[in-house]
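Read through the structure below, which is laid out as structure tokens, and then see the notes.
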Amino acid sequence: MTILEEKLKRGEMDAHRCQAIARMVLDKLHPSLTLEQIYTIAPTLDDEFSELAGAVLPIIKEHDEKVRSIVVQHVKKLITSGKLDEAYKTLKEATHSKG
């Protein structure tokens, strides 16, 4: 909640908005969520409250990098196994699912 504290201290946000943001975040993110559920929910956190963009963007970037790394590792294994068609198909699916 450092982002909210900083905005409060600088007078960029009032206490009511800060409470609303905190309530929404606590409602959406709770300890029982899996990492994949968090990655799914995180991009929606700044939909209503743009103040959270600074927190949301690093989460999205981290997730994208992890997915890319997994795809690259898988494709490398396919290529070294001589499965070039499957490697091509995997890359094509991965790039189409991004857009």
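Just checking, which of 91, 78 is modelled with pLDDT under 95 and of a type in the set (A, V, I, L, M, F, W, C)?
One residue alone meets the criteria, 91.
Residue by residue through the range 2-33, note down the ones that are of a type outside the set (Lys, Arg), closer than 16 Å to residue 45 by Cβ and either exposed (fewer than 12 other Cβ atoms within 10 Å of the Cβ) or touching a residue at least 40 places away in the same chain (Cβ under 8 Å) (or both).
Correct list: 2, 3, 4, 19, 26, 27, 30.
Which residue out of 36, 48, 65 is within 17 Å of the chain's Cα centre (by Cα), in contact (Cβ under 8 Å) with a residue 24 or more places away in the chain and exposed (fewer than 13 other Cβ atoms within 10 Å of the Cβ)?
Result of the check over 36, 48, 65: 48.
Please determine, by comparing only the residues of the range 1-55 that are assigned to a helix (DSSP H, G or I) and of a type in the set (Ser, Thr, Tyr), which one is farthest from residue 67 (Cα to Cα).
Quick first cut of the range 1-55, residues assigned to a helix (DSSP H, G or I) only: 2-9, 15-28, 35-48, 50-55.
Add one more test, that the residue is of a type in the set (Ser, Thr, Tyr), and what stays is 2, 39-40, 44, 50.
Numbers: 2: 28, 39: 11, 40: 13, 44: 19, 50: 26 Å.
Ranking the candidates gives 2 first.
The values are calculated or read from the model by the stated rules, or taken from the named source; none is laboratory data. Nothing here was measured: the structure is a model prediction, and the numbers come from that model. Quick reminder, even Gly has a Cβ in these numbers, built from the backbone with ideal geometry, and neighbours come from all protein chains shown.
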